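Just so it is clear, none of the values below were taken in a lab; they were calculated from the coordinates. Not measured: the values here are computed from a predicted model. Reconstructed Cβ throughout: ideal geometry from the backbone, glycine too, with neighbour counts over all protein chains shown.
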Amino acid sequence: MNEVFQRTATAVAIEIEDLEYGYQPHGVMALGGVSFAIRRGEFVGIVGHNGAGKTTLLKTVVGLLLPTSGRVTVGGVDTRQTTVADLTTWVGFVSQNPDQQLFAQTVVEEIAFGPRNLGLSEEEIRERVAMGIAMTGLEEFRHEFPPALAKGDRARVVIASVLAMQPEIIILDEPTTGQDYRGSRQIMQIARRLHEEGRTVLVVTHDMALVAEYAERAIVLCRGQVLLDGTTATVFSQPEVLRRTHVMPPQITQLAQTLPPELGLPTDALTVEQLGQAVVERVGQRRTDVFYPRTDVFYPRVPLKCRDEGRDV
Amino acid sequence: MKATVQYVPGKSAFHRLDPRSKIVFMLLVTFAILIVQNLWVAVAVLLTLVLFWGLARLPFSVVADLGKAMLGIVVFLFVVQALLYPGKTALIQPVIPRFVPFIGGRGQVTLEGVLFALLLSLRLLAMVVVLPLVSMTTPVHILTLGLVRLGLPYRLAYTVTTALNLIPILQIEAGVIRDAQRLRAFQVFEKGGFLDKLKAYPPLVTPLIIGAMRRAQLMAIAMDSRAFGASGNRTYIQDIRMRAGDWLFIGFSILYAGAIVAMRFLVR
Amino acid sequence: MRQHKGQQEPYIVFDDVSYRYPGSGHAVKKHPYVLKHVSLTIHRGEFVAVLGENGAGKSTFCQALNGVVPHSRGGRMRGRVIVGGQDTQQATVAEMAQQVGIVLEDPEAQLFTTSVLSEVAFGPENLGVDPGEILRRARWALEVVRLTGYEDHPPTALSGGQKQRLAIAAALTMHPQVLVLDEATSQLDPLGTLEVFSVVRELNEQYKMTIVMATNKGEEVAEFCDRVLVLHKGELIAQGTPREVFADTELLQRVTIRAPQVSQLALYLAEREVPADKKRPADEKHPLAAGCSLSAGCSLSALPITLDEARRGIVQLMRGAD
């Protein structure tokens, strides 16, 4: 593909410099001066009210839109000096509506669509398809017609198809909207796995609990500009600022923030486990004979003993 | 293609006409256009329609876009008619050698053929311009009401006018899907040849149709849930009224269409 | 905070309802019956949430309330659905529409006119209501959803929250007794969601409208709903107050519905038996809230489901431990 992308050379995955974008030449600017840099390997949540410019921002990163002014650099290359197709090997984009991204008759063909367009050999295409299917757990759906699958499965097909292009950066635009809890979890687990493999992950979402749990950093947009940019803990510790862009910290963080400080519990707790752990350490004694579930399991698996009567619930 | 034939708010006289008179105008003129045989009459009709367009203060860019959209068909027409029209004044001698079965000896391009093709193209363009004249100066629900007052059952009228709304939706949707394909390194629409582009349409069509079907199903549920088609005596909060100007316009339309038809028989 | 509305008369009754969609496509072959032997009662004025995974039958359930299922969707229905005394299979969808209004998930799909006013007028126009009366209803409906002044706006120019409020208004002009929301906030941002919920709450509290809401958002359920119905693979597998349902850990394991985070916290702590002080007498209230916080065996009043309850519980727990 494009030799300009020196994958090992740049530490900065995406650099946005004074980006401005307006859909109409003399109309309101969708983005009015946005600047930030995302290093390789970060997991970033992008939040903000509807119309704040989140989707517009994503489109400039993948090259669908070019800046009205300012610069967008992906993998060291200015998006104005390359094509959308060339950028696809560097940054993959899963949009809000998976139905608009399914073109083929079978799941396998769908995943192969991208690699085929990249001109890879049949052998390589087969490998990429296998990898995509393995990554997203779609073995049983290989030969299904993608639009006939359930919502969560369709979303995973699109993710697999994007992964088959082997991009360094994965962008998920509202991946959990319209998904049930199980589907949302599945998708976020995939995102986490990608992150653990070293990829850069960007997620645009309204679900603050997800941002708090999976992302390390949050960029908050408000009316086309960056309102806050920092670690998720730092960002969620400013609810009054977040309110301006109609964002609230997850319920558990709100709880932590409103507890009396003398209790000694972390006011910046981001997950149920974090706050729960702190309470346990302050109050309870850890039992050694009980299996404590990992953080990405939904609910307690152990039958809970009613302490008063000693029976299983 | 950016041409959209959706309603453009405005205050021109054309906008203020009752939809019934506009519909009648459209039907009469379309009928008349189908009758035209004379090239000069065709030119005159097209010019007057463009004049109306200006009177309605509609953007001429749309006419240009409509013309561009028709270009493919026009070229096709030209080629077919120019070659096959039994004319007398040959411009280019037989192209296909005589020994070829069935079409041997044909392929001469005649002047008459070229002129006929031109006539057809002008007629086509005129027809394509008439509908937007009405759809762009009339809000959809008023148009529906006009059809109902002219005697169409409500559900049928609604179906007809809803089709107008669908065009821009499908255009936007197609754009979104094309973008999604570009994001999978699909470059045929940018770099491919004509044949490649043709082959590229099926992958685009599937998501478009499925999306349209899903949306249609949801719309149907929403409409049923609001009692669509329930009563034979549907009421309307906004009614329409024929005024003097409307009758004048209808009278004018009859005369106009009549003149075009008369030309057919008077001028050869 | 919420009165016990179970004493009101039954308004919606599902009597052993089973339903299958028409056709033999892949999805239908795998799970033909989308609703299986569902029997339940909803009382007048209740605010009921319907929880369940995608594909559990929530949308079908919602559409069965106004007769879209089975009339518009086809397929086969067994059993009866009675709303306000009307059997949905005997009445037409248009007749049911005057009893039950429905708001769908996708704001775009259910708005199809060119102005807010014509959108809310669409329903009553279809019924042949007198234009003067329609305008009166429209004015009232727009006031309730707080869109007064937007009459001439094209629906496409509205925000997500505004669109859904418009959809509610469009249903209200039919003067329904029941409002059904089929995941109506899943595509909205937090502000839009809040707007919609506050309108719906007002309809429930002030206008005594019966509300049935299919949703995935545990926190909203906890705050607004009197009762929760849990659907799983077409069957009603649980029902109860939000507190009862979110305390049922076995259910939560089986169905993966999203409980409010504060409830998840309580379950986390309870599982680790915090505090583990075995010297406490048996009738000592569990510190996380009044009464044992889990399971069908203990008094169920106690699982915290809102921020306030959780805060009180934690404070009590921590201070009690010192």
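Pairs of Cα atoms nearer than 8 Å and 6+ residues apart set the relative contact order; for chain C it is 19 percent. Over all other residues within a Cβ to Cβ distance under 13 Å of B:F189, the charged ones net out to +3, with Lys and Arg as +1 and Asp and Glu as -1. Looking at chain A, the DSSP beta bridges with both ends there are about 55 percent antiparallel.
Note on A:R126, A:R156, A:R223: ascending count of other Cβ atoms within 10 Å places them as A:R126, A:R223, A:R156, the fewest first.
Peptide B:21-33 has a mean of 0 when you count, residue by residue, the C-beta atoms of other protein chains within 10 Å of its C-beta. Scanning residues 5 or more positions from A:T106 or on other chains, none has an amide H under 5 Å from its amide H, with H placed 1.01 Å from N in the peptide plane. Under the rule a/c < 1.5 gives rounded, and otherwise a/b versus b/c splits prolate from oblate, where does the range B:121-268 land using the Cα gyration tensor? Oblate, because a/c is 1.5 or more while a/b does not exceed b/c. Taking the DSSP beta bridges with both ends in the protein assembly as shown, the antiparallel portion is around 55 percent. Principal-axis analysis of the Cα atoms of chain A puts helix A:272-283 at an angle of about 30° to the longest axis.
Summarising the amide proton neighbourhood of C:G128: residues at separation of 5 or more, or on other chains, whose placed amide H is nearer than 5 Å comprise B:T235. Against chain C, whose longest principal axis comes from its Cα atoms, helix C:307-321 is set at around 0 degrees.
Just checking the listed ones, B:A64, B:A212, B:A220: in the Gaussian network model of chain B with Cα springs under 10 Å, the one fluctuating most is B:A220. For chain C, the share of DSSP beta bridges that are antiparallel, to the nearest 5, is 55%. With a 10 Å cut-off around each Cβ of A:249-256, the average count of Cβ atoms from other chains is 5.
In sequence order, the range C:191-202 has phi-based couplings of 5, x, 4, 4, 4, 5, 5, 5, 5, 5, 4, 5 Hz under the Karplus curve 6.51 cos²θ - 1.76 cosθ + 1.60, θ = phi - 60°, and Gly or Pro positions carry x. Put a plus charge on the Cβ of each Lys and Arg, a minus charge on the Cβ of each Asp and Glu, and nothing anywhere else: the dipole of chain C about its Cα centre is then about 780 debye. For A:Q238, no residue whose modelled amide H falls within less than 5 Å of its own remains once neighbours fewer than 5 places apart on the same chain are excluded.
Ellipticity at 222 nm from helices only: DSSP H runs of n ≥ 4 in the protein assembly as shown, each -39500 (n - 2.57), divided by the residue count, give -14000 deg cm²/dmol.
Relative contact order of chain A: 19 percent, from C-alpha pairs under 8 Å at least 6 residues apart in sequence. In terms of its C-alpha gyration tensor, chain A has an oblate overall shape, because the principal axis ratio a/c (a ≥ b ≥ c, square roots of the eigenvalues) is not below 1.5 and a/b does not outweigh b/c. Oblate is the label for the range B:13-266, because a/c, from the alpha-carbon gyration tensor with a ≥ b ≥ c as root eigenvalues, is 1.5 or above and a/b does not exceed b/c. In the protein assembly as shown, a dipole from Cβ-located charges (positive for Lys and Arg, negative for Asp and Glu) runs towards its positive end, and of C:S18, C:L188, C:L229 it is C:S18 whose Cα lies farthest in that direction. Taken about its Cα centre, the range A:12-248 carries a charge dipole of about 480 debye when Lys and Arg each add +1 at the Cβ and Asp and Glu each add -1 at the Cβ.
Pairs of Cα atoms nearer than 8 Å and 6+ residues apart set the relative contact order; for the range A:138-249 it is 18 percent.
Each of C:F122, B:F78 has some number of other Cβ atoms within 10 Å of its Cβ, and from fewest to most they run B:F78, C:F122. Charging the Cβ of each Asp and Glu at -1 and of each Lys and Arg at +1, and nothing else, the dipole of the protein assembly as shown about its Cα centre rounds to 2640 debye. The HN-Hα couplings worked out from phi for the range B:21-31 by the Karplus form 6.51 cos²θ - 1.76 cosθ + 1.60 (θ = phi - 60°) are 5, 5, 5, 4, 3, 4, 5, 4, 5, 4, 4 Hz, whole numbers, x standing for Gly and Pro. Counting neighbouring Cβ atoms within 10 Å and putting the fewest first, the residues B:I142, C:I168 line up as B:I142, C:I168. Per-residue shielding of C:246-258, expressed as the average number of other chain Cβ atoms within 10 Å of the residue Cβ, stands at 4.
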